[in-house]
Structure formats: C-alpha cells, structure tokens
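K.L.:
What follows is a structure written as structure tokens; I'll ask about it next.
The values are calculated or read from the model by the stated rules, or taken from the named source; none is laboratory data. Because the structure is predicted, anything quoted here is derived from the model rather than measured. Ideal geometry is used to build each Cβ from the backbone, glycine not excepted, and the neighbour counts take in all protein chains shown.
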Amino acid sequence: MTPVDFRLSTRAQALKASEIRELLKLVGKPSMISFAGGIPDPALFNLGLFQAACHEAFGGPQVAREALQYSTTEGYLPLRQWIATHMQSLGVPASPDNVLVTTGSQQALDLIGKLLIDPGSTVLTTRPTYLGALQSFSAFEPGFADIDAPQAIGADPARLAYVMPDFANPTGETMSRVARLRTLEQARQLNAVIVEDAAYTALRYDGVALPSIAALDANGASDLESTRTLYSGSFSKTLSPGMRVGWVCGPTSLIRKLTMLKQGADLHTSTVNQMVIHQVAAAGFDDQVQRIRSVYRSRRDAMLAALARYAPPGMTWSRPEGGMFVWAELPGHIDAAELLQRAIRADVAFVPGGAFFPDGSGRNTLRLSFALCDEARIEVGIFKLCELIGHTAMAKAASA
C-alpha cells in the first residue's frame, strides 16, 4: 500500500526523533552495559512507601473517588503545599499559589516554550545543554544563542535563558555562585525569564550546596511577584520517573498563564499519581534522597576511577560533584556517533555528545551515565569502551 502524503505543518515536518529515546530501544538486552539514559536504578525505588501510598489512596470510598476524579489544573493542593514548603527550605518564599504541578518536568519545558517563544525568538542556553530542552523549545522555532555570548542575540533580545545550575545534563558541571548571579543580572538587563532546571539538584555527593538562582532572585523579597525565575523541579530522579510528576515554581503572573496553557494540554496531571507522590514525599523524601545519594556517589567514584585507569591518552572527562553524568571528550577527533555503532556491538552504550548542541557540533564528545549500573559493570564497561576508543584513535592516527 502507498502511504498517504499528509499535509503536515512546517513545525511537524521539522520534528526529529530523540537520539536518546531511539538509542534506548537498542540497549534493552541483558548483556548490554548501558551508560546511555539518565535513568534512576529501579532497585532503589521505595516500593514499600509506594504500596502504602496506593493503599491510602484507595483506602475508603471517599478518597478513592477523589483519586479517580478530575482535579484542578494547578494540582492537588496538599502536594502543592508540600512543594511550597520544600521551596521555602531552599530559600524561595513560595506559597501554593506559586506552584503548578506538571506531568513531569518535560511538560514544564513545553508549557514554558509556548508561553515565551515566538518563531525567531532567541533562547539563551549553555553549549552543550539538555537535549530535552532543545527538543521542546525547537518546536516553537527559536534561534539559540550561547548564554556566555549574549552579543550573538542580534536585534531580538532573548526572552528566555535556560540553565541547569546543579550537575547539568549532560556535562555534570555546577555553576558557581558568581555565574548564577551573572546570569540573573543578565536576565534583568534583557528583561528575560530564567528557566532553572533543577532535576538533579538533590543529588549532591561532594562540596557545599549553592543557593538556587530562584533563591538569589528572591533574596530579601517577601514574595515571588518581583522575581523572574521559573524553577522547574521533578520527583523523577528522587522518587519515581514513572509517576510523571514535576512542578514549576515562580511568580503568580507566570504561573497563571502556564496553568491556562496546561488546561489546553491535558487538563491536569493524574490525580491519583499526585496523591501517591504526596504521600511518599511526606513520608520519606529526605530518607530516600540520602539513600540514593550514597549509592550513586559510589557509582560515580567507580566510573571516575575506571576512567583514570583505562582511558587512552588524549581523552578527558568531567568530575561532577553530583547528578548522574560524566562528560568526556575523545582523543583524535573521534566521531562519537560512529564509535557508538562499534560500542553497541561490544555490548556497551553511551550517548554521543552532538545531540546536546543546538548546531550539532561536539561530535567528539559523549555522555556517560553511572546511575543504572553497579560498580562491577561500570568497571567492565569502561574498560571495554576505553579499549575501543584507544584502538580507534590509533587507527585514525595510522591513516592520517
């Protein structure tokens, strides 16, 4: 049969599949050592708390009917109250009115893009930056400029600056306090909104926690109405990604507009999922964070130690204080996308770095996630990968 040639919008015609989502389809076999997706280890999920929370949600007719019913777009009020209190502990004077619950933090990026980006608008980002943000914002046809080179903006001042200050995806880097203040001042000068993606902030293993940009923005303020930061949080990396519950915290003028946009997207985030996440967070958020920090710290250390033992000359990598990722630059200008095809045949997977650059550059870089593999598999996987990189570098040098 001949497929119908549907007349798609220009926006739809420009859509590209996520390299990471497509890659995950290839790495499901048991023998694969995957450093690819930024996926929490399911063995660390607190099943007991989730089972108890589900039982609570269906523990009686009245609460069960509430769990199965439509809800308000803003989100389940007890959960918004918990999030507001959590934000206050981070130095952000939030109330529930400053919080919108989203279907994962990815939806927050989509809604923010709809709110702030017109075709031709400028979005400031780091290079590299989170692939999911690039995908979400690209649907609205902006131009991307380096946040460290604002002169590239041209005639259209940026409306949006997207940053991941803590343990960034993909680099694992942390912005200094000076850099956070500089970004805030830059946004004030441009009258731009800062989107602070805090997906990994809770996963700190070393060093001293720095104030969020939202907290610096709100410093000395009694409320958030005079601030310009939208703080995007998530329970995916701490409690469960499958529940798909995140949030945006910011001035009510922006939260109300985002709420209207969410109404047109999905009406509201799943009521029962919000109720369950609230129960789990209230019962054991801090304990869960401490537990996963200990495990992921050990795995990060194992990856860094293995890289130090096996990496070939000319290969460099980041040393993150938290998060889930190590960022590496390959020797000899090796193309990471080409390397991946050979690595998969050797049962090792990673994400080529070019996907994280708006212009597709950075082809000699790659991202390694240490969250999903235990220390023994990390040792084997890094050995095999570094051996492959070394052989590839020698082959390129010999043919030059």
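K.L.:
Condition check: modelled with pLDDT of 95 or more and surrounded by fewer than 20 Cβ atoms within 10 Å (Cβ to Cβ). Does Leu115 satisfy that? Can you show your working first?
P.N.:
On the way: modelled with pLDDT of 95 or more: yes; surrounded by fewer than 20 Cβ atoms within 10 Å (Cβ to Cβ): yes.
Judged against the criteria, Leu115 is a match.
K.L.:
Here is a follow-up. Hey, does segment 314-330 have a residue that's of a type in the set (A, V, I, L, M, F, W, C), at negative phi and either assigned to a helix (DSSP H, G or I) or assigned by TED's automatic domain parsing to the domain that holds Phe144 (or both)?
P.N.:
Pass one, segment 314-330, residues of a type in the set (A, V, I, L, M, F, W, C): 315, 317, 324-328, 330.
Now drop any that are not at negative phi, which leaves 315, 317, 324-328, 330.
Filter once more, keeping what is either assigned to a helix (DSSP H, G or I) or assigned by TED's automatic domain parsing to the domain that holds Phe144 (or both): none.
For segment 314-330, residues of a type in the set (A, V, I, L, M, F, W, C), at negative phi and either assigned to a helix (DSSP H, G or I) or assigned by TED's automatic domain parsing to the domain that holds Phe144 (or both): absent.
K.L.:
In segment 200-239, which residues are small (Gly, Ala, Ser) and over 18 Å from the mean Cα position of the chain (by Cα)? Break it down into steps so the answer makes sense when it comes.
P.N.:
First pass over segment 200-239, keeping only residues small (Gly, Ala, Ser): 202, 207, 209, 212, 214-215, 218, 220-222, 226, 232-234, 236.
Scanning segment 200-239 gives Gly207, Ala209, Ala215, Ala218, Gly220, Ala221, Ser222, Ser226.
K.L.:
Restricting attention to segment 326-348, and to residues there that are in contact (Cβ under 8 Å) with a residue 60 or more places away in the chain and in contact with a Gly (Cβ under 9 Å, 6 or more places away or on another chain), which single residue is surrounded by the fewest Cβ atoms within 10 Å (Cβ to Cβ)?
P.N.:
Asp347
K.L.:
Go through segment 11-43 and report how many residues are among the aliphatic types (A, V, I, L, M), surrounded by 18 or more Cβ atoms within 10 Å (Cβ to Cβ), within 19 Å of the chain's Cα centre (by Cα) and at pLDDT 75 or above.
P.N.:
Of the residues in segment 11-43, 1 are among the aliphatic types (A, V, I, L, M), surrounded by 18 or more Cβ atoms within 10 Å (Cβ to Cβ), within 19 Å of the chain's Cα centre (by Cα) and at pLDDT 75 or above.
K.L.:
Name the single residue, out of those in segment 260-298 being assigned by TED's automatic domain parsing to the domain that holds Trp247, among the hydroxyl-bearing types (Ser, Thr, Tyr) and in contact with a Phe, Trp or Tyr (Cβ under 9 Å, 6 or more places away or on another chain), that is surrounded by the most Cβ atoms within 10 Å (Cβ to Cβ).
P.N.:
Out of the qualifying residues, it is Thr269.
For (1) without any contact (Cβ under 8 Å) to a residue 24 or more places away in the chain; (2) under 23 Å from Asp41 (Cα atoms); (3) assigned to a helix (DSSP H, G or I); (4) of a type in the set (A, V, I, L, M, F, W, C), each residue gets a yes or a no:
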| site | (1), (2), (3), (4) |
| --- | --- |
| Val208 | yes, no, no, yes |
| Pro211 | no, no, no, no |
| Gly220 | yes, no, no, no |
| Thr227 | no, no, no, no |
| Lys237 | no, yes, no, no |
| Lys257 | no, no, yes, no |
| Ala265 | no, no, yes, yes |
| His268 | no, no, no, no |
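K.L.:
Another question, then. Being under 17 Å from Gly207 (Cα atoms) and touching a Phe, Trp or Tyr at 6+ places or on another chain (Cβ under 7 Å) is the filter here, so list the residues in segment 300-325 that pass it.
P.N.:
Step one: filter segment 300-325 for residues under 17 Å from Gly207 (Cα atoms), giving 300-301, 304, 318-325.
Arg300, Ser318, Pro320, Glu321, Gly322, Gly323, Met324, listed by residue number.
K.L.:
Here is a further query. In segment 43-81, which residues are in a loop (DSSP other than H, G, I, E, B), polar (S, T, N, Q) and closer than 30 Å to Cys373 by Cα?
P.N.:
Our first condition is that a residue be in a loop (DSSP other than H, G, I, E, B); within segment 43-81, this holds for 45-46, 58-60, 68-76.
With polar (S, T, N, Q) added as a condition, the list becomes 46, 69, 71-73.
Scanning segment 43-81 gives a single hit, Asn46.
K.L.:
Identify, please: which residue in segment 121-135 is of a type in the set (Ser, Thr, Tyr) and within 12 Å of the chain's Cα centre (by Cα) and is, among those, farthest from Thr183 (Cα to Cα)?
P.N.:
Residues of segment 121-135 of a type in the set (Ser, Thr, Tyr): 121-122, 125-126, 129-130.
Subsequent filtering for residues that are within 12 Å of the chain's Cα centre (by Cα) retains 129-130.
Details: Thr129: 15, Tyr130: 17 Å.
Of everything passing the filter in segment 121-135, Tyr130 is farthest from Thr183 (Cα to Cα).
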